[in-house]
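The values are calculated or read from the model by the stated rules, or taken from the named source; none is laboratory data. Everything numeric here is computed off the predicted structure, so don't read it as measured data. Note: ideal-geometry Cβ built from the backbone for every residue, glycine included; neighbour counts use all protein chains shown. Note: accessible area is taken over every heavy atom of the protein model, side chains too, but ligands, DNA and RNA are not part of it. Shrake-Rupley method; radii C 1.70, N 1.55, O 1.52, S 1.80 Å.
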Amino acid sequence: MNLPHVLRDYALVADGERGAVVGPRGDIVWLCFPRWDSEPVLASLLGGPGEYTVRPSDTHYVWGGQYDDDTLLWRSRWMVGGSIVECVEAMDFPGDSERMVLVRQVRAVEGPASVDVSLALRAPNGELAGIRPRRHGTTWELETGGTSMRWTVPDAAHWSRGVLTLHLDLEPGTHANLVLELSTKPFTTAPPDCDQTIAETTERWRSAARRLQGCRAERDARAALTLLRGLTASTGAMVAAATTSLPERADEGRNYDYRYAWIRDQCYAGLAGARAGEAGYAVLDDAVRFVCERVLDDGPALRPAYRVSGEPVPQERDAELPGYPGAPHVVFGNRAGSQFQLDVFGEALRLCAAAAAADRADATLWRAVDVAVDAIKSRSSEPDAGVWELTPAYFTSSRLACVSGLRAVAAQTPPGPTANRWLALADAITADVASWGVHHSGRWRRARDDDRVDASLLLGALRGAVPFNDPRSVGLLHAVSHDLVSDGYVYRYLVDGAPLGEREGAFLICGFWLALALHQQGHDDAAVALFERNRAACGPAGIFTEEYDVHERQLRGNFPQAFVHALLVEAAVTLPPDEWGDNTEWNEH
């Protein structure tokens, strides 16, 4: 088994139903099947069995990698002596919830290529050492634990102790195809053609790609939208991340399972999609569909997070895996699934209003709006876990989220009694939160009994709960800029009075929030500088995690973190465009 890499070195290939994490040694180290939150069949990222590796036989190489534009087709490339070897990685997109097709095409780009391949799957009860697959020519098949596996390769592979191995020697300019299929049912058709799968998957990804007019960092914004589509299942649910238990802070026990769909995160993504226009409407539509279904099903008992199927998130349990370095405790499930978070109702209303403004609303959406409004009316006086999912309290940001949502849907409703009722409720909540949510200095404070500055409070003005030039908004902007920024990165709040960076990393979503707030108040130079600083906090794949370790310049937390990419998109289409524009040639697909 390969040793793990730092997170910045990984990429993700995905088909909407699940995703595979790929490292620079050609090692696929994490893959769950059949769905995002299922048991992993490749688990070496967390120290467990299961890995699928394609890499040069000569380990003295230099690695690089990139995505094909507007796709999640990843190309690993190795410089080996005088040769260049490439491996194209892709999942058949869009994915089938019961069947996965993962293709890997090895290419001798310059000079000959000598490549070693190994495949070791993990069963729910451990490695498959005791189960011998059946061989049909160059195809191997096995069934275990309700999963069928078929691996089609160009030459005879060798089986030993649960591992299939293969050596490939390629002449210059030639390529070899590897096709791995997983299914919940026995296979009844021939294996797919790798070249055709790559061509068709590329076309399907690019068919929805649109240029982002007047956009800053257009290539990064398009890539972020593509990633959000890759994290979104056929149900419309977008998982918060593809992984579990990647530590936010070494040996602090802050290791969470994010392979579920958070209502708040999905609303952030949908709002970003709406701001992006035609390029983002697929993200918007999926968000509206999933969020409205959950609101209508659960009403005032709306959960913060769900499985992509719409089922409740399971409670945490020990996953019995060694863990990523710094996180020896691995969990499946998330306790946030049973919390009460008031702000999700306000975010749902904001999402619905954005869809209505884009002329993408229907009767189902407006029924969900009525339900969400009633839930705010009945539950806004209760303490909740807030944006950061903490011990329940009267969080200012949760109430402001509800106010902004109410005002947004009222603005999309014809003047009359309904809109007036929603605005009256917004005014009542505003008056209440203003009576206890303002710091003695005149800025917003975190909670009824908490004077701290909190970056999530920036959303109050950004989303229209209160005017951006309100003294409480201006004071908050100054306080966040002064108290929560270090080296161009933004922290969410001071933890237990400790210096910034001592208890947790900077939160990249907070950096994009502050950039948007600075722009809103007319400080474009500072906004652009902050945006550029934060969008650089990634690796070669351009993928972001939740936190960034400012001192060690490392990514922290689960990979990738969807809501960071959503806010990158929103900031990119809101801030002033690049002075020089995007010099990449654009081909409308």
> Quick check: is even one residue across region 106-119 open to solvent by less than 20 Å² (accessible area, probe 1.4 Å), of a type in the set (A, V, I, L, M) and in contact with a helix residue (DSSP H, G or I) (Cβ under 6 Å, 6 or more places away or on another chain)?
Replying inline: no
>> Consider region 27-60. How many of its residues are open to solvent by 10 Å² or more (accessible area, probe 1.4 Å), among the β-branched types (V, I, T) and under 22 Å from the mean Cα position of the chain (by Cα)?
In response: 1
>> Given the options A348, A372, A410, name the one that is touching a Phe, Trp or Tyr at 6+ places or on another chain (Cβ under 8 Å) and closer than 17 Å to C292 by Cβ.
In response: A372
>> It is to be established whether one or more residues within region 64-82 are open to solvent by less than 10 Å² (accessible area, probe 1.4 Å) and of a type in the set (V, I, T).
In response: yes
> Which ones in region 277-301 are closer than 19 Å to R206 by Cβ and among the acidic types (D, E)?
Replying inline: E278, D285, D286
> Taking region 358-370 on its own, how many of its residues are of a type in the set (A, V, I, L, M, F, W, C), open to solvent by less than 70 Å² (accessible area, probe 1.4 Å) and part of a helix (DSSP H, G or I)?
Replying inline: 4
> From the list R122, R134, R150, which residue is at pLDDT 95 or above, closer than 24 Å to P192 by Cβ, among the basic types (K, R) and out of contact with any Cys (no Cβ under 6 Å at 6 or more places or on another chain)?
Replying inline: R150
> Restricting the first residue to region 449-467 and requiring it to be under 18 Å from C510 (Cα atoms), which pairs with a second residue that is modelled with pLDDT under 95 and not small (G, A, S) meet a Cβ separation below 7 Å and a spacing of at least six or different chains?
Replying inline: R452/L494
> Out of all the residues in region 525-544, is one or more free of Cβ contacts under 8 Å to residues at least 60 places away in the same chain, on the phi > 0 side of the Ramachandran plot and open to solvent by 10 Å² or more (accessible area, probe 1.4 Å)?
Replying inline: no
> Which condition number does Y258 fail, the rest of (1) open to solvent by less than 10 Å² (accessible area, probe 1.4 Å); (2) closer than 22 Å to L31 by Cα being met?
Replying inline: (1)
> Filter region 331-344 for residues that are under 21 Å from the mean Cα position of the chain (by Cα) and not polar (S, T, N, Q); which is surrounded by the fewest Cβ atoms within 10 Å (Cβ to Cβ)?
Replying inline: R335
> Just to be sure, is E252 closer than 28 Å to R503 by Cα and in contact with a strand residue (DSSP E or B) (Cβ under 7 Å, 6 or more places away or on another chain)?
Replying inline: no
> In region 1-40, which residues are small (G, A, S) and either assigned to a loop (DSSP other than H, G, I, E, B) or farther than 20 Å from G162 by Cβ (or both)?
Replying inline: A11, A14, G16, G19, G23, G26, S38
>> On the basis of being open to solvent by 40 Å² or more (accessible area, probe 1.4 Å), at pLDDT 95 or above and in contact with a Gly (Cβ under 8 Å, 6 or more places away or on another chain), does P304 make the cut?
In response: no
> What is the residue count in region 502-520 for residues that are of a type outside the set (A, V, I, L, M), without any contact (Cβ under 8 Å) to a residue 60 or more places away in the chain and open to solvent by 10 Å² or more (accessible area, probe 1.4 Å)?
Replying inline: 3
> Any idea which of T201, T189, T152 is of a type in the set (S, T, Y) and surrounded by fewer than 21 Cβ atoms within 10 Å (Cβ to Cβ)?
Replying inline: T189
>> Within region 156-174, take every residue that is among the hydrophobic types (A, V, I, L, M, F, W, C) and part of a loop (DSSP other than H, G, I, E, B) and give me the one that is surrounded by the most Cβ atoms within 10 Å (Cβ to Cβ).
In response: A157
> So P4 fits all but one of (1) open to solvent by 10 Å² or more (accessible area, probe 1.4 Å); (2) under 21 Å from G539 (Cβ atoms); (3) touching a strand residue (DSSP E or B) at 6+ places or on another chain (Cβ under 6 Å); what number is the exception?
Replying inline: (3)
> Regarding R294, is this residue more than 27 Å from C538 (Cβ to Cβ) and either open to solvent by less than 40 Å² (accessible area, probe 1.4 Å) or touching a His at 6+ places or on another chain (Cβ under 7 Å) (or both)?
Replying inline: yes
>> Every residue in region 83-99 that is in contact with a strand residue (DSSP E or B) (Cβ under 6 Å, 6 or more places away or on another chain) and either crowded, with 22+ Cβ neighbours inside 10 Å or closer than 13 Å to D27 by Cα (or both), please.
In response: V85, C87, V88, E89, A90, M91
> Which pairs have Cβ atoms under 9 Å, sit 6 or more apart or on different chains, and link a residue in region 27-49 that is on the phi > 0 side of the Ramachandran plot to one that is open to solvent by 20 Å² or more (accessible area, probe 1.4 Å)?
Replying inline: G47/M1; G47/P4; G47/P322; G47/Y324; G47/P325; G47/P328
> How many of the residues making up region 321-330 are within 19 Å of W36 (Cβ to Cβ) and either open to solvent by 20 Å² or more (accessible area, probe 1.4 Å) or in a strand (DSSP E or B) (or both)?
Replying inline: 1
>> With the requirement that a residue be farther than 20 Å from R275 by Cβ and open to solvent by 10 Å² or more (accessible area, probe 1.4 Å), what does region 211-246 give you?
In response: S234, T235
> Of all residues in region 345-357, which are of a type outside the set (D, E, K, R) and crowded, with 18+ Cβ neighbours inside 10 Å?
Replying inline: F345, G346, A348, L349, L351, C352, A353, A354, A355, A356
>> Going by what's in this entry, would A541 be described as aliphatic (A, V, I, L, M), farther than 24 Å from E252 by Cα and not in a helix (DSSP H, G or I)?
In response: yes
> Between a first residue in region 423-439 that is on the phi < 0 side of the Ramachandran plot and a second residue that is open to solvent by 60 Å² or more (accessible area, probe 1.4 Å) and assigned to a helix (DSSP H, G or I), which pairs have beta carbons less than 7 Å apart while being 6 or more apart in sequence or on different chains?
Replying inline: L423/R407; L425/K377; A426/R407
